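Right, one structure below, let's go through it.
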2 protein chains.
Amino acid sequence: MRLSRYFLPVLKENPAEAQIVSHRYMLRAGMIKQQAAGIYSWLPLGFKVLRRIEQIVHEEQIRAGHIPLLMPTLQPADLWRESGRYDDYGQEMLRIKDRQDREMLYGPTNEEMITDIFRSHVNSYKDLPLTLYHIQWKFRDEMRPRFGVMRGREFLMKDGYNFDLTKEDALHAYNRHLVSYLRTYERMGLQAIPMRADSGPIGGDDTHEFLVLASTGESEVFYDSAVTDIRLGSREIDYDDKAQCQAVMEEFTSLYARTDETHDAALFDAIPEERRKSARGIEVGQIFYFGTKYSEPMGATVVTPDGARVPVHMGSHGIGVSRLLGAIIEASHDDKGIIWPEGVTPFHAGIVNLKQGDAGTDSACEAIYGALKARGLDPLYDDRDERAGAKFATMDLIGLPWRITVGPRGLAANKVELTSRRTGVSEEMSPEAAVARVVEIYAGL
Amino acid sequence: MRLSRYFLPVLKENPAEAQIVSHRYMLRAGMIKQQAAGIYSWLPLGFKVLRRIEQIVHEEQIRAGHIPLLMPTLQPADLWRESGRYDDYGQEMLRIKDRQDREMLYGPTNEEMITDIFRSHVNSYKDLPLTLYHIQWKFRDEMRPRFGVMRGREFLMKDGYNFDLTKEDALHAYNRHLVSYLRTYERMGLQAIPMRADSGPIGGDDTHEFLVLASTGESEVFYDSAVTDIRLGSREIDYDDKAQCQAVMEEFTSLYARTDETHDAALFDAIPEERRKSARGIEVGQIFYFGTKYSEPMGATVVTPDGARVPVHMGSHGIGVSRLLGAIIEASHDDKGIIWPEGVTPFHAGIVNLKQGDAGTDSACEAIYGALKARGLDPLYDDRDERAGAKFATMDLIGLPWRITVGPRGLAANKVELTSRRTGVSEEMSPEAAVARVVEIYAGL
């Protein structure tokens, strides 16, 4: 994309309404615009990151054997009466009446609807195991929406639901989700620690939240610092292998790590003192096993091998897709702006032309731009007639991980500068070498 | 995907509620499930086609130089008061009150919100031309939702908005949309004819609807049969070339083609009798130029080169993304089921194992399945323990354009059967040749 033809409305001033850094930078970098309290438009740069995150979530869910579908945003109230949650859910549920005065709601989550889909179409244990998920807009009518997309009212969530014949199978689904979530967050450059949590209105006994450590997090968390040394990395996972998924789950959850809701001071004190940490965390996902809580009242049953009919064992599993943009920025920024991890960056590299209009720099920039695109990358070329300082400030603010700077002096020696946004370190090299380096960096992802 | 692990709930019986063929087949092929009147879940097969259509729309909009963003589903009522449409829109607008009693609505279209984004961030003619679009769920509270996704209440639409300094530039944007839409529909295997139409509640003078001829269409259309002979084909388009876009627009719109709303009997009678046709059509898109209808009341102005401040010229342009699934099926089916055009098919080919459990056929099927996947294709392997007849019926119903049938008798002579869903013609060839043929077919798309 050429910046002269893009819509990137960056702000010079810090917006007064933004209390935390991710909200401030998302507004300043022209990523979002508030349309009503807790309701945002995703401007082109924000939308690009949102799509990259969504794509990673899809890929990792499909890799784990989960099947995508899409449920609507609006739901009939009657479905929620079957589970008993219509009256329980409280004011966060946005209730709507249509022109025929039918009671509807804007879905805050989808346990009821997916259970309805299941019971309408599945009848036999032979169709299990089954995990269905979707990525869809949800609405929760928060009393005090704040922190930008971190606590919005209309938000994008991945929610998945497993249907299994036995508790054992359902716990495998739980572990499978835990593993696939670890991989999902790591691909986004995030460390999200699974912590034993409280189940809240979803219900159920087994539940872990995934928390990203950040000083602006809404939750207080307590953990053994050794837990931050574990990575899934590039190990091969066979998602059908129950023992392997179980082992990963145990590896990541046996060290102490809890939110304040489940914190146990006695257990915490048993950790060696130098590893005893408390901090703040941002919740970016949660997994639940809740057995037959929905399948029983809603009649989601299957026939077993010996002809009996039993309610299925279920769980639900969510990733806060839109919220992740805020969480990533909270975890990765400096005082000049955002620092996108390569896995989610809106553009793979920025090209800064130090002397727009100069035939030599223009054609060198065009060549680099063309070469990156030809290799399947998505560069942003700042081809505006602006001062170098303004161009650098924009690139730093929007946080592209790599910048190629092209000026007449360097070109005289066949050199451009490749700069890492994260370290600030620049290296001089030929334009071809810079392209090759950027291609190599992304080939590994 | 292996069918044994997929969620494809096909129905044997014709659902009583479905009056038209696309609705019937989408239900029977397990593509959708109704959740409330005019509100559907997109089951895995339906969701896959929806995503393919969405992807084509994105690619062609980006190719035309249009920039994607995403506006929320809910909008504040006050924005619609500025344009005067809040009171005008009538009962099709779903009005909502949140917990603070603020008036909101579920967006039926986005002229107001995009104009708000524009006026908040753009100030100079230097930032024009600009076309922004999104693909987002909309809601129109139809009195009588029917025909499945063809006239649903919650539906997915691509809507784009151009902002230009002059009427001339805005008409170029209009032509650019017309051309990009022609390419979009052709890639989906559809002929959609631009017809002079009525502007309705959007407003404006210049507008064309794109209609797919089908006996179940809701509109009566009148046209010169010569118009159905024109194709955009693979010609190169430079979307910055005003004259070229104008020429394509004239080529496609100078022959008589109108909906009943703008039909002119005298002009129609001037067509040679043998080319005078009337038929029914399904609207799958519409483009509008409406000048300053929104920019003036909402204050979306820019500073001109000579320092004056003028309202921008705008247009809006929509494609009915979810409705397209219905339109494609209406245009492409037979009495056994759907016939997907290659451009939008949910799976590129089906593999039918005639003797599941036989080591030879199983391993031949696995090899074909693996080879197609290795070439970047997405096959559906029917690995269920079912009769051949049932497997064929499912494949015919869900409409994959190519089927590879693998049985022990053929394999003895190193042969499998490659069958075209459209023509029904089967050819015997080696498994390798069948894979190569399927790869070749999709390489051209």
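Derivation of every value follows stated rules applied to the coordinates shown; laboratory data play no part. Owing to the predicted nature of the structure, the values given are computational and were not obtained by experimental measurement. Virtual Cβ from ideal backbone geometry, glycine too; neighbours counted across all protein chains shown.
Descriptive notes on the structure:
- Between the C-alpha center of region A:359-423 and that of region B:1-70 there is a gap of 42 Å.
- Contact order relative to length of region A:73-114, as percent, for alpha carbon pairs under 8 angstrom and 6 or more apart: 49
- Computed from Cα positions, the angle between helix A:242-253 and the longest principal axis of chain A comes to roughly 70 degrees.
- Separation between Cα centres of region A:247-306 and region A:325-341, rounded to whole Å: 28
- Counting neighbouring beta carbons within 10 Å and listing from fewest to most, the residues A:Val303, A:Val439 come out as A:Val303, A:Val439.
- Peptide B:92-98 - average C-beta neighbours from other chains (10 Å radius): 5
- Residue-wise HN-Hα coupling along region B:134-140, computed from phi with Karplus coefficients 6.51, -1.76, 1.60 (Hz; x: Gly, Pro): 9, 10, 8, 5, 10, 9, 10
- GNM flexibility winner over chain B from B:Arg387, B:Arg151, B:Arg422 (Cα, springs under 10 Å): B:Arg387
- Average beta-carbon neighbours from other chains, 10 Å sphere, peptide A:44-50: 3
- By the Kirkwood approach, averaging reciprocal distances over each pair of separate Cα atoms, the protein assembly as shown gets a hydrodynamic radius of 29.3 Å.
- Among the chymotrypsin sites (Phe, Trp or Tyr not before Pro) found in region B:214-263, not one is both in a DSSP coil and sparsely packed, with 15 or fewer other Cβ atoms within 10 Å of its Cβ.
- For B:Lys415, A:Lys167, order by how many other beta-carbon atoms lie within 10 Å, fewest first: A:Lys167, B:Lys415
- To the nearest ten degrees, helix A:111-121 and the longest principal axis of the Cα atoms of chain A are 70 degrees apart.
- Rounded to whole Hz, the Karplus (6.51, -1.76, 1.60) HN-Hα couplings of region B:87-92, x for glycine and proline: 7, 6, 5, x, 6, 6
- Summary of the geometry: region A:164-183 and region B:152-187, compared by the centres of their Cα atoms, lie 45 Å apart.
- For region B:165-271, the relative contact order works out to 34 percent when only alpha carbon pairs closer than 8 Å and six or more residues apart are counted.
- Per-residue mean of C-beta atoms belonging to partner chains within 10 Å, peptide A:152-164: 1
- Comparing A:Ala64, A:Ala390, A:Ala77 in a Gaussian network model of chain A, where Cα atoms under 10 Å apart are tied by springs, the biggest mean-square fluctuation is seen for A:Ala390.
- Along its first, second and third principal axes, ordered by size, region A:281-411 spans 80, 34, 18 Å in Cα coordinates.
- Each Lys and Arg adds +1 at its Cβ and each Asp and Glu adds -1 at its Cβ; summed about the Cα centre, region A:176-316 shows a dipole of about 340 debye.
- Stokes-Einstein diffusion coefficient of chain A, Kirkwood radius over Cα pairs, 20 °C, 1.002 mPa s, in µm²/s: 90
- Nearest 10 degrees, 0 to 90: helix B:167-187 Cα axis against chain B principal axis: 10
- Candidates A:Val321, A:Val248, A:Val425: whichever shows maximal mean-square fluctuation once chain A is modelled as a Gaussian network with Cα springs under 10 Å: A:Val425
- Taking the square roots of five times each eigenvalue of the Cα gyration tensor of region B:349-443, the equivalent ellipsoid has semi-axes of 17, 16, 13 Å, listed largest first.
- Pairs of C-alpha atoms in region A:28-145 farther apart than 24 Å represent 44 percent of all such pairs.
- Exceeding the 26 Å Cα-Cα cut-off - candidates A:Lys415/B:Lys126; A:Lys391/B:Lys293; A:Lys138/B:Lys33; A:Lys97/B:Lys33; A:Lys12/B:Lys126: A:Lys415/B:Lys126; A:Lys391/B:Lys293
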